[in-house]
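Okay, so here's the structure we're looking at.
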Amino acid sequence: MKTLLYGGSVINVFTGEIEKANVLIEDDKIIGVGNYTPDDADVTEDVSEKILCPGFIDGHIHIESTMLTPSELAKISLPHGTTSIVADPHEIANVCGVDGIKYMIEASEGIPMNVYINIPSCVPATPFDESGAVLQAEDIKPLYKEKRVVGLAEMMNYPGVIFKDESVIKKITDAHNEGKIVDGHAPFLTGKDLDKYASYLIGSDHECSTIDEAIEKIRKGQRIMIRQGTAARNLKDLLPLFDPPYNHRCLLVTDDRHPADLMNEGHIDHIIRLAGQYGKSQITAIQMATIQAAEYFGIKGVGAIAPGYRADLLILNDLEAVDIKDVYSHGKKAVCDKVVKDFTKPSINDSLSQITLNSFHLKELTKEDLYIEPKADKCRVIEIIPGQLITKEKIHKINWENNNGIDTKEDILKLAVVERHKNTGHIGLGYINGIGLKKGAMASSVSHDSHNIILIGTNDEDMVIAANHIRKFGGNVVVCNGEIISEMRLPVAGLMADMSAEEIARQNENVRLSVHSLGVNDNIEPFMNMAFVSLSVIPSLKMTTQGLVNVDKMERVSLYCD
């Protein structure tokens, strides 16, 4: 069947022009852009005064970080114009291994939002982590045969690349031999070390937080993924990338974005709007979010409104506001007047479902498990930086007589990371600054990248209650004075909910408000910031199940300072 969209203006992402043209679609393909008439079609739609734009592509996202299953993510992302995503199921792979990756492939099959997969490269992320699985090159190589797999996901083990670790290089070589791209992850890497890293044709980086870092990486052949997520918001610092000669080497990504933000602010459309508000060309931003993403990942026939391209396109009421009226996916209208049409959820192998629903293996915690032995007056404290995933090391004089070192007046809170996959009993203990919690505790099973249980609190009693609740149900919880005041249950691998997008977004907003009511700073996204405190591939000081790690030196360090 042929459908004609007539009377509108088309954004040409190849030239940056906006041109009056009619668009003719047959089945799932665009077969013509130009002076077509209703006589050329079976069905017509008047889009006069509207702007037609290719569907947006999020070039790097962890579906698990939205806390939604793929089909529920589609329901809230499609109305915001996201017709394709490139997902890295790294989080569920750290919990469930290859079975977790297979679960995500099955759970995203056939939904109207196209889900491409990058195979996780670092499970676990570093040797300091205790995850639920260890994936070697031979474990992941068969997955390249899956039709929607486009590459090897972010190579976080940049020291392994630089020093030519055989197992790391094997994963990169296998991906290239299969004709796949290799994504990067190397914050602050520069100079000769960057040369060594990029020499393996690692094609991108989404961790740039300064313009100088981004420009150097572009000059050395990498593409920069401009990230604007929930906790990591790098757009403002990277605005010069929207100008020549850098703009054609950039993509737009969210990486990690919570459901309340997706519903309230948007997805890639939000980044495009912000770019315009900062004075940058929205057409340039759209090119980054469409054709440039598709070409980087080698997704042919996607990302433009042109003959032969898949009919993934948006009908905009207004370009400046990125006001999306309708969304076409594979030539069919998936969103009509801002409302997503119903679609059938994929069926998932029962054994895979059961694996994801039974992922907690640890004993109940007691207050004694959280006790920190006083050994020195000064301790290393993790300092949170608002709007960033990077942290700082702060040396603080601990008052051991005051609540085992906790000092809410100085914003020194207790931090714990509890191993939950294999019941090892390992618990990393220390202190954190910059969260602002004045009472109670918060806990989560979303703790990048190994997803052990992470706790921050003002007292051991509330922390234990929070941890044991997470042990049963997974998710996020807030406890105060011995009572659970809010929670978000995430039973699927402790990462995702089995409920509607609207309900999980409501719970997401509720747990946020709860911790802010207990004193958390307004400029902190509490659960997202907490989730990255244990990620030992982002500088500079992180907490794992086995204690503190200095990421800059890639070595364990003591809590205590002489």
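The values are calculated or read from the model by the stated rules, or taken from the named source; none is laboratory data. The shown structure was predicted, so the numbers you read here are calculated from the model rather than taken from an experiment. Glycine also receives a Cβ, built like all others from the backbone with ideal geometry; neighbour counts cover every protein chain displayed. Accessible surface areas use protein heavy atoms only, side chains included; no ligands, DNA or RNA. Shrake-Rupley method; radii C 1.70, N 1.55, O 1.52, S 1.80 Å.
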Number of positions in segment 259-273 that are farther than 12 Å from SER77 by Cα and open to solvent by less than 30 Å² (accessible area, probe 1.4 Å): 2
Checked GLY434, GLY425 against criteria (surrounded by fewer than 19 Cβ atoms within 10 Å (Cβ to Cβ) and small (Gly, Ala, Ser)); the one match is GLY425
I'd like the full set of residues that are aliphatic (A, V, I, L, M), surrounded by 15 or more Cβ atoms within 10 Å (Cβ to Cβ) and in a strand (DSSP E or B), limited to segment 330-351. ALA334, VAL335, VAL340
I'd like the residue in segment 319-335 that is touching a residue at least 60 places away in the same chain (Cβ under 8 Å) and of a type outside the set (A, V, I, L, M) and, out of all such residues, is nearest to SER281 (Cα to Cα). LYS325
Based on this model, can you work out whether GLU383 counts as at pLDDT 95 or above and touching a Gly at 6+ places or on another chain (Cβ under 6 Å)? yes
Read through the list (1) within 30 Å of VAL446 (Cβ to Cβ); (2) touching a Lys or Arg at 6+ places or on another chain (Cβ under 6 Å), then give the number of the only condition that ALA198 fails. (1)
Evaluate segment 280-297: report whether one residue or more is within 15 Å of ILE11 (Cα to Cα), in contact with a helix residue (DSSP H, G or I) (Cβ under 6 Å, 6 or more places away or on another chain) and assigned to a loop (DSSP other than H, G, I, E, B). yes
Answer yes or no as to whether SER121 is touching a Ser or Thr at 6+ places or on another chain (Cβ under 6 Å), at pLDDT 95 or above and not aliphatic (A, V, I, L, M). no
Going through segment 467-488 in order, the residues found to be more than 17 Å from LEU513 (Cβ to Cβ) and within 26 Å of the chain's Cα centre (by Cα) are ALA467, HIS469, ILE470, ARG471, LYS472, PHE473, GLY474
Could you figure out which of (1) open to solvent by 10 Å² or more (accessible area, probe 1.4 Å); (2) in contact with a Gly (Cβ under 8 Å, 6 or more places away or on another chain); (3) among the aliphatic types (A, V, I, L, M) isn't true of ILE390? (2)
Please go through segment 399-418 and pick out each residue that is within 18 Å of ALA467 (Cβ to Cβ) and surrounded by 15 or more Cβ atoms within 10 Å (Cβ to Cβ). ASN404, ILE406, LEU413, LYS414, LEU415, ALA416, VAL417, VAL418
How many of the residues making up segment 12-45 are free of Cβ contacts under 8 Å to residues at least 60 places away in the same chain, more than 30 Å from ASP243 (Cβ to Cβ) and open to solvent by less than 70 Å² (accessible area, probe 1.4 Å)? 9
Filter segment 516-526 down to the residues that are within 20 Å of the chain's Cα centre (by Cα) and open to solvent by less than 10 Å² (accessible area, probe 1.4 Å) and list them by number. ILE524, PRO526
Given (1) open to solvent by 10 Å² or more (accessible area, probe 1.4 Å); (2) assigned to a helix (DSSP H, G or I); (3) of a type outside the set (S, T, N, Q), where does ILE470 come up short, assuming only one miss? (1)
Evaluate the following for GLY266: is it among the small types (Gly, Ala, Ser) and part of a helix (DSSP H, G or I)? no
Contact list please: Cβ distance under 7 Å, first residue in segment 340-352 and under 23 Å from ILE324 (Cα atoms), second residue modelled with pLDDT of 95 or more and in a loop (DSSP other than H, G, I, E, B), pairs at least six apart or on different chains. PHE343/ILE111; PHE343/PRO112
Please find, among GLY110, GLY59, the residue that is over 15 Å from HIS448 (Cα atoms), modelled with pLDDT of 95 or more and surrounded by 21 or more Cβ atoms within 10 Å (Cβ to Cβ). GLY59
Would you check if there is a residue in segment 300-318 being modelled with pLDDT of 95 or more and within 17 Å of ASN247 (Cβ to Cβ)? yes
Of all the residues that make up segment 64-74, how many are under 22 Å from LYS338 (Cα atoms) and surrounded by 23 or more Cβ atoms within 10 Å (Cβ to Cβ)? 7
Can you give me the ranges of the strands (runs of 3 or more DSSP E) entirely in segment 361-458 with at least 3 residues that are in contact (Cβ under 8 Å) with a residue 40 or more places away in the chain and at negative phi? 378-384, 391-397, 412-418, 427-433, 453-457
List every residue pair whose Cβ atoms lie under 6 Å apart, where the two residues are 6 or more positions apart in sequence or sit on different chains, the first residue falls within segment 133-154 and is within 14 Å of LYS102 (Cα to Cα), and the second residue, located anywhere, is open to solvent by 40 Å² or more (accessible area, probe 1.4 Å). TYR144/GLU178
Apart from one, (1) closer than 30 Å to ASN264 by Cα; (2) among the acidic types (Asp, Glu); (3) modelled with pLDDT under 95 all hold for GLU91; the odd one out is (3)
Which of the following residues is in contact with a Lys or Arg (Cβ under 8 Å, 6 or more places away or on another chain), open to solvent by 20 Å² or more (accessible area, probe 1.4 Å) and among the polar types (S, T, N, Q): SER9, SER48? SER9
Looking only at segment 473-515, how many residues end up being under 30 Å from GLU368 (Cα atoms), in contact (Cβ under 8 Å) with a residue 40 or more places away in the chain, outside any helix (DSSP H, G or I) and open to solvent by 10 Å² or more (accessible area, probe 1.4 Å)? 4
